[in-house]
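First comes the structure, then the notes that go with it.
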Amino acid sequence: MMLPARCTVSVTSADRVLRWLGAGFACLSVNAGAADVRAGARKAETCVACHGPNGNATLPGMPSLAAQPAMHTFLQLVQFREKRRRDPQMSPFAEKLTDRDMQDIGAYFAAQRPAAPGFTADASKAAAGRKLLDLHHCGSCHMPDLSGQNQIPRLAGQNVEYLVKQMRGLKDGSRRDIDGTMASAAQALSEQDIENLAHYLASLK
Ligand code: HEC
Ligand code: HEC
């Protein structure tokens, strides 16, 4: 595949991503500064049917996008479009988006306030989950308040079934990740750990 002559990279954490992207397909232009929140709101109109008003999901198994780091949303959309991540419901919506659309959409959802979590955790599972988070230092990447940063997603208040499905998928490889860091973090987690972690995370503000 031909690489475009110009390639704008102004977000440092894009560098690693570009390395794995670089071999397979066209260089992406990652320029968070240029993203347009208002254009993103318009481009995200079809998304809220599943991802909820302002990206606060209420349907079972559906991820919230509100307050996700813009870089994370952008990179996941790229992965869906390039068929590196697949989902029968989600994939068709990523197919038609340009890099620019994805940047604008990422900026829009990053600017939305997360709703109070509508999930009531099982208290003993949540307590076990909290211990596991400390034990595995999940907050060193996902941030101590689990709000995410750059390409690393927000986990606080995320939908519980979605969290379980993603941790299983990252562990067994059915969801490929950008650079292998999360796949390796997931290897240590048992089925019970995954459930406990999801209960704790889904109930966080
Ligand atoms: C028909 C329902 C549906 C619609 C409409 C939809 N999505 Fe999704 N989306 C999903 C599902 C289901 C998943 C979770 C897929 C999985 O389990 O891996 C998802 C996952 C995502 C993720 C990954 C979240 C994460 O934290 O990794 C992003 C980003 C996303 N969607 C963005 C969008 C955008 C932007 C639009 C509109 C252009 C959109 N979606 C429209 C169903 C939908
Ligand atoms: C070394 C850094 C790192 C550590 C430690 C880490 N993660 Fe992650 N995690 C990531 C990255 C990066 C992603 C995005 C994966 C991708 O590329 O799709 C991610 C994704 C996830 C997702 C998917 C969320 C979504 O919105 O799709 C979950 C759930 C998750 N991590 C949970 C955890 C838990 C629980 C721990 C501790 C046991 C943990 N992570 C430790 C880096 C890390």
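Treating only the Cβ atoms of Lys and Arg (+1) and Asp and Glu (-1) as charged, compute the dipole magnitude of segment 123-202 about its Cα centre; round to the nearest 20 debye. List each step's numbers first, then the result.
Numbers: 9 positive and 9 negative charges, 17 e Å.
It comes to approximately 80 debye.
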- Query: If you average the sequence gap of Cα pairs under 8 Å that are 6 or more apart and divide by the length of segment 59-205, what percent do you get for the contact order?
  - Reply: 32 percent
- Item | Virtual paramagnetic centre 7 Å along Cα→Cβ of K205, amide N under 16 Å, in segment 135-155 | 145-147
- Residue separation times 0.36 nm, minus the C-alpha to C-alpha distance between S184 and S124: what's the value? 19.0 nm
- Task: Tell me, rounded to the nearest percent, the portion of alpha carbon pairs in segment 35-110 spaced more than 15 Å apart.
- Result: 50 percent
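All of the numbers you see were taken from the coordinates with simple rules; none came from a lab. These numbers were taken from a predicted model, which means no experiment stands behind them. With ideal geometry, Cβ positions are generated from the backbone for all residues, glycine too; neighbour counts draw on all protein chains shown.
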